[in-house]
Amino acid sequence: MVGDKLLTMDEAEFLRGRVYGADHDDAGPRPERAYAQLVGGPLDGLLLDVTDRSEQELREVALVTEIGRYGPGGRALYGRRGEDGRRFDWRGDAPGAP
C-alpha cells in the first residue's frame with residue numbers, strides 16, 4: 001500500500017518482462033539464453049526463449065494460452081517480423097487440439 005491506496009497491477013503490465021512458459025517464481029530472462037519479444041495479441045510484451053530453436057521453427061510459433069480468443073487450451077499465433085529475429089508479431093488466435 002502507498003498511503004491509503006492499494007496498488008493494483010494490470011494483468012498485461014504484470015506479464016511484461018517475463019518469459020513465456022517460465023516458472024512464475026523465476027520468470028525473468030537469463031543471461032545465457034536468447035529471447036524474442038512477442039508483439040501484440042494476448043501475450044504482448046512477453047519474451048520467448050528462442051535459444052535452441054531452428055530457423056524453420058522460428059518462422060511461426062503457436063503458443064498455448066488461456067487468455068486468447070479460444071480460452072484454455074487455445075493458441076496464440078506469432079510470426080517472425082521480417083529478418084528481425086528479435087520480434088514476433090501476433091497473427092491471430094487458434095483453437096487448441098481436439
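Points worth noting:
- Approximating the spin labels as points 7 Å out from Cα along Cα→Cβ, the Arg69-to-Arg81 distance works out to 2.2 nm.
- √(5λ) per eigenvalue of the Cα gyration tensor, the range 12-68, largest first, Å: 18, 15, 9
- Local electrostatic count at Thr51 - Lys and Arg +1, Asp and Glu -1, tallied over other residues with Cβ under 12 Å: -1
- Taking all protein chains as they are arranged and a probe of 1.4 Å, the heavy atoms of Glu60 leave approximately 100 Å² accessible to solvent.
- Net length gained if the chain between Arg30 and Ser54 were fully extended (0.36 nm per residue, minus Cα distance): 6.7 nm
- Computed E for Val39/Ala97 - FRET, C-beta separation, R0 30 angstrom, nearest 0.05: 0.75
The values are calculated or read from the model by the stated rules, or taken from the named source; none is laboratory data. Keep in mind the model is a prediction, meaning the values are calculated, not measured. Positions of Cβ are backbone-derived with ideal geometry, glycine not excepted, and every protein chain shown enters the neighbour counts. Heads up: the accessible areas ignore ligands, DNA and RNA and are worked out on the full protein's heavy atoms, side chains in. Shrake-Rupley method; radii C 1.70, N 1.55, O 1.52, S 1.80 Å.
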